[in-house]
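Data first, discussion second: the structure below is written as structure tokens.
Each value in this text was obtained by applying a stated rule to the coordinates, not by laboratory testing. As the structure is a computational prediction, the values presented were derived from the model and not from experiment. Note: ideal-geometry Cβ built from the backbone for every residue, glycine included; neighbour counts use all protein chains shown.
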Amino acid sequence: MHYIDVVIDNKSNNTDNFFTYSAPDEVKPGARITVPFARVKKPVDAYCVRINPNPAFDKNKIKMISTYDPERSLSAEMIDTALWMRKRYGVKYIDAIKMFTVGGRKEPKKKNYTISGSDPGYELSDDQKHVADRICSSVRSGEFGAFLIKGVTNSGKTEVYMRATEEALSMGRSVIVLLPEIALSQQVEKRFIERFGESKVATLHSRLTTSAKLGEWMRIRRGEAKIVIGARTSVFAPLDNIGAIIIDEEHESTYKSDHNPKYETVDIAYKRAAAHDAVLVLGSATPSVTSYSRAMSGVYELLEMKERIGSSVMPLIETVDMRAEIRAGNTSVISRQLATETEKALKRGEQVILFLNRRGFSTQILCPDCGFRMSCPDCGISLTYHKSVNAAVCHYCGRKFVLPEKCPDCGNRFIRYTGTGTEKVEETVRSLWPDAKTARFDLDTAMKTDDAGKVINDFQAGKTDILVGTQILAKGLDFRNVSLVGIINADVSLNIPDFRSSERTYQLITQVAGRAGRAGGESRVLIQTYEPDSDVIREAASGDYESFYEAELLHRNIMNYPPYSDIIAVGFISDSPEEASEYAESFRKRLLGLKEQPKGVQILRTRVDERKTDGRYRAEFIIKAPPGSRSGYVTEFIEYRDRMTASKSDCFIEIDINPY
């Protein structure tokens with residue numbers, strides 16, 4: 001018998017602490033247990049987080065745990081990572097621990113899995129061999145290593161990931177493979193199953209049913225599945241003896257969790273890989289500025305793949321000045337040059353991708369007389385007209401609204417629908433090329449994994465001639481017969497008020513352009529833009545990542561943005577704007593008054609806004625914390641939150657590190 005500290009499975013701030021119990025010796029950190037707690041009649045769920053050999057109070061008053069569930073328990077490493085997450089992100093103990101767990105009580109019936117895979121008989125290119133040998137050597141060494149693969153599109157990064165996986169499996173170790181979108185997991189999962197056998201591969205993502213997710217979780221926890229494939233939450237897969245963690249398209253913003261608990265997937269992967277003496281592999285044709293900076297400073301080892309594999313060649317990339325199109329009388333979303341090249345591609349039996357990072361039909365619903373703009377009453381953002389459902393849709397909360405017959409402000413019956421989304425592009429394409437088979441691939445058509453898989457499979461099988469889509473098209477999909485990519489409005493992401501907008505624009509253009517020319521032969525990418533002189537557009541068109549990176553790094557250094565700082569957003573939410581502001585200013589002044597203030601820190605002014613979602617008010621201020629100093633501010637945040645909890649404040653406090 002010994003004493004343990006546990007975290008209660010309760011989301012209340014009042015229980016965000018350790019509680020001491022006695023337990024049998026087999027109960028170790030990570031154990032899932034039930035314990036008697038407070039005045040609750042039935043035992044409550046809890047997790048053991050550490051052994052406590054010397055409790056600081058009367059041992060006679062310490063209660064014994066009620067039950068212990070070894071099958072649903074975690075490992076000490078998982079608990080250690082959860083405790084680290086609290087220090088790094090300011091999350092609650094139980095929120096971090098629960099990322100490693102799943103719900104449900106009953107596993108689905110066991111399937112009969114194929115056991116063996118197949119040898120691809122695949123000869124590596126020189127670039128692939130060099131990179132694979134370096135990573136596999138690190139796997140064999142049994143020491144932690146972190147690598148950033150900067151490989152042009154279609155340079156064969158997936159095969160390198162498979163070689164690293166093969167090496168880890170040969171040593172009896174396990175592997176996590178992360179992808180930026182659930183919709184992509186099917187394609188990659190299929191390739192891994194063909195290579196390693198269905199029995200070794202498991203998937204974890206939010207679109208699985210509770211029962212299916214529990215079944216996969218138990219397969220992983222029992223060690224039956226050695227490879228886990230999924231989106232960002234798969235970084236918490238309950239694997240033991242991890243040999244490699246692979247993050248494909250590491251630059252994607254989807255790897256940052258924007259809801260509680262808020263975390264950065266790359267950070268979690270780095271922590272877990274280091275704990276297991278495993279290899280961390282990040283791959284991208286357009287690495288994030290932060291990751292590339294880490295490679296330049298030696299945190300990651302940079303490995304480059306500069307050539308495409310096989311007969312694949314890089315496409316010819318040109319810009320089309322849409323201002324000249326308007327002057328010439330062409331008001332269509334399709335430029336004359338893009339229309340001509342599409343005609344040629346279709347006649348040759350080749351496929352076309354048209355990219356626009358705006359879904360829906362029209363992006364705004366306006367009254368031309370009084371200027372009324374239809375917006376979501378809950379979220380305050382402009383509604384988008386979706387012709388497919390004949391409704392105005394909020395892209396933030398998903399609510400649908402009936403279209404107005406007249407302006408609600410002035411009564412004008414002539415409502416205008418302005419702006420262009422993928423639905424309008426699809427309609428335009430169908431009218432221009434009625435004999436071509438056209439499909440659309442965006443969030444609306446990819447809501448279900450099966451639907452997304454059908455669109456992708458049909459295009460890969462040549463059943464679709466023209467595919468219209470949003471940024472989901474730019475995320476690692478492999479299409480063999482695409483000879484033309486048209487980027488409809490390259491300026492969309494450039495004008496978003498975010499310090500990462502230039503980076504995002506460069507990445508999107510480069511990534512979607514990379515879908516062309518994979519089967520060899522001549523291919524072309526046309527970038528339609530109203531800003532052809534933009535440095536970012538020109539650098540993306542020429543594929544000059546280094547010039548883009550140097551210019552972007554200079555800008556961020558001047559403005560004190562990451563990687564030169566961590567941006568910490570601290571928010572206070574209340575029914576009263578005065579209360580929210582008062583708490584924010586109190587905490588802000590406390591931080592300004594710290595004796596040991598890191599050099600170069602910036603603590604910006606408080607801003608108060610009404611939240612349209614619930615009518616409450618949010619007071620927020622931003623901290624630009626120099627590298628290495630953020631943990632001190634997170635600790636201060638936790639202490640201030642505890643004070644608010646102790647005083648029974650109704651004001652809610654939250655923190656977000658490097659928010660998007």
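Viscosity 0.692 mPa s, temperature 37 °C: give me the Stokes-Einstein translational D for segment 410-491 in µm²/s, with Rh taken as the Kirkwood radius over C-alpha pairs.
So the translational diffusion coefficient is about 229 µm²/s.
Please report Tyr617, Tyr47, Tyr113 as a ranked list, fewest other C-beta atoms within 10 angstrom at the top and most at the bottom.
Least crowded to most crowded, the residues run Tyr113, Tyr617, Tyr47.
Can you list residues from other chains, or at least 5 along the same chain, whose modelled amide H is less than 5 Å from the amide H of Ile317?
Val525
Given H placed 1.01 Å from N in the peptide plane, which residues other than close sequence neighbours of Gly243 have an amide H under 5 Å from its amide H?
Long-range HN contacts for Gly243: Ser174, Val175.
Can you list the HN-Hα couplings for segment 615-632, worked out from phi with the Karplus curve (6.51, -1.76, 1.60; θ = phi - 60°), rounded to whole Hz and with x for Gly and Pro?
x, 7, 10, 10, 9, 9, 9, 10, 10, 9, 9, x, x, x, 9, 5, 4, x
For segment 566-657, rounded, prolate or oblate, judged on the Cα gyration tensor with a ≥ b ≥ c (square roots of eigenvalues), a/c < 1.5 rounded, else prolate if a/b > b/c?
prolate
Expressed as a rounded percentage, what relative contact order does the chain have, with Cα pairs under 8 Å and six or more residues apart?
12 percent.
Please sort 25-36, 58-69, 149-160 by packing, taking for each peptide the average over its residues of neighbouring beta carbons within 10 angstrom, highest first.
149-160, 25-36, 58-69
How tilted is helix 76-89 with respect to the longest principal axis of the chain? Cα atoms for both, answer in degrees (0 to 90, nearest 10).
Taking Cα atoms only, the helix is inclined about 70 degrees.
Beyond 18 Å, how much of the Cα-Cα pair distribution for segment 489-557 remains, as a whole percent?
For segment 489-557, the share of Cα pairs beyond 18 Å comes to 37 percent.
Would you work out if segment 2-98 is rounded, prolate or oblate? Take a ≥ b ≥ c from the square roots of the eigenvalues of the alpha-carbon gyration tensor; rounded if a/c is under 1.5, else prolate when a/b is larger than b/c, oblate otherwise.
Rounded, since a/c falls under 1.5.
Relative contact order of segment 126-305, please, whole-number percent, based on alpha carbon pairs below 8 angstrom and at least 6 residues apart.
35
For the chain, what mean projected area does the convex hull of the alpha carbons give, in nm²?
Convex hull of Cα atoms, orientation-averaged projection: 33.1 nm².
Quick one: 3J(HN,Hα) in Hz for segment 307-316, Karplus 6.51/-1.76/1.60 with θ = phi - 60°, rounded, Gly and Pro as x.
In residue order, the calculated couplings are 10, 6, 8, x, 8, 5, 10, 5, x, 7 Hz.
Compute the acute angle (0 to 90°) between the alpha-carbon long axis of helix 545-559 and the principal axis of greatest extent of the alpha-carbon atoms of the chain; round to the nearest 10°.
Taking the Cα atoms of the chain, the angle to 545-559 is about 60 degrees.
Is the shape of segment 426-581 best called rounded, prolate or oblate, per the rule: a/c under 1.5 gives rounded, else a/b larger than b/c gives prolate, else oblate, with a ≥ b ≥ c the square roots of the Cα gyration tensor eigenvalues?
In terms of gyration-tensor shape, oblate.
Against the longest alpha carbon principal axis of the chain, how many degrees, from 0 to 90 and to the nearest 10, is the axis of helix 126-141 turned?
Between helix and principal axis, roughly 0 degrees.
What does DSSP give for the chain in terms of the percent of beta bridges that are antiparallel, rounded to the nearest 5?
Approximately 50 percent, going by the DSSP bridge assignments.
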